[in-house]
Amino acid sequence: MKNRIFFKLLAVFLIVIAATAAILDVMLGGAWQASIHAEIERNLAQKTQLFAHRVETDKSHSLPEIAAQEGIAQSGYRLIVNCNADGGQEVYHLHLHLLGGKPLGPMVSV
């Protein structure tokens with residue numbers, strides 16, 4: 001008799017836990033996903049900034065050497081040069097971007 005009551009209480013407890021988990025997933029799922037997405041974006045932005053800084057300041061290595069060290073030389077990369085107003089700058093200077101690590105799509109058409 002005690003075993004039967006124990007298993008009934010256990011079943012009710014498990015149903016309550018499952019229902020609570022489902023409710024929390026619905027209520028918090030979007031917020032959790034948005035939080036993870038924001039963290040990934042922050043990490044990518046930080047890595048991009050560090051990499052861009054290295055491309056601009058590393059005078060001891062060529063761009064192909066930097067691409068090889070970053071693991072993008074084999075699959076390919078794109079070098080973009082920005083300069084002056086039409087290059088999107090407010091403070092005019094020669095500015096390089098070394099892009100790679102994924103397919104970059106078509107070039108900009110003129």
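Laboratory data are not the source of any read-out in this text; all were calculated from the coordinates shown. Since the model is a prediction, treat every value here as computed from it, not as a measurement. All Cβ positions, glycine included, derive from the backbone under ideal geometry; neighbour counts span all protein chains shown.
Considering the dipole of the chain built from charges on the beta carbon (Lys and Arg +1, Asp and Glu -1) around the Cα centre, which of H97, H37, L24 is farthest to its positive end?
Final value for the positive-end residue is L24.
Give me the mean projected area, in nm² to one decimal, of the convex hull enclosing the Cα positions of the chain.
Value for the chain: 13.4 nm².
How many nm is it between the label spots at E65 and I17, if each spot is 7 Å from the Cα in line with the beta carbon?
Label-label distance for E65 and I17, simple model: 5.9 nm.
Once you have a ≥ b ≥ c as the square roots of the Cα gyration tensor eigenvalues for the stretch 60-102, tell me rounded if a/c is under 1.5, and otherwise prolate or oblate according to whether a/b is larger than b/c.
Working: a/c = 4.19, a/b = 2.13, b/c = 1.97.
It comes out prolate by the Cα gyration axes.
Can you tell me the dipole magnitude for the chain around its Cα centre, using point charges on the Cβ only (Lys, Arg +1; Asp, Glu -1), in Debye to the nearest 20?
In debye, rounded to 20, the chain gives about 880.
Given the -39500 (n - 2.57) contribution per DSSP H run of 4+ residues, what per-residue ellipticity at 222 nm results for the chain, rounded to the nearest 500 deg cm²/dmol?
-21000 deg cm²/dmol
Any idea what angle helix 2-57 forms with the longest principal axis of the chain, computed on alpha-carbon atoms, 0 to 90 degrees, nearest 10?
Approximately 10 degrees, to the nearest ten.
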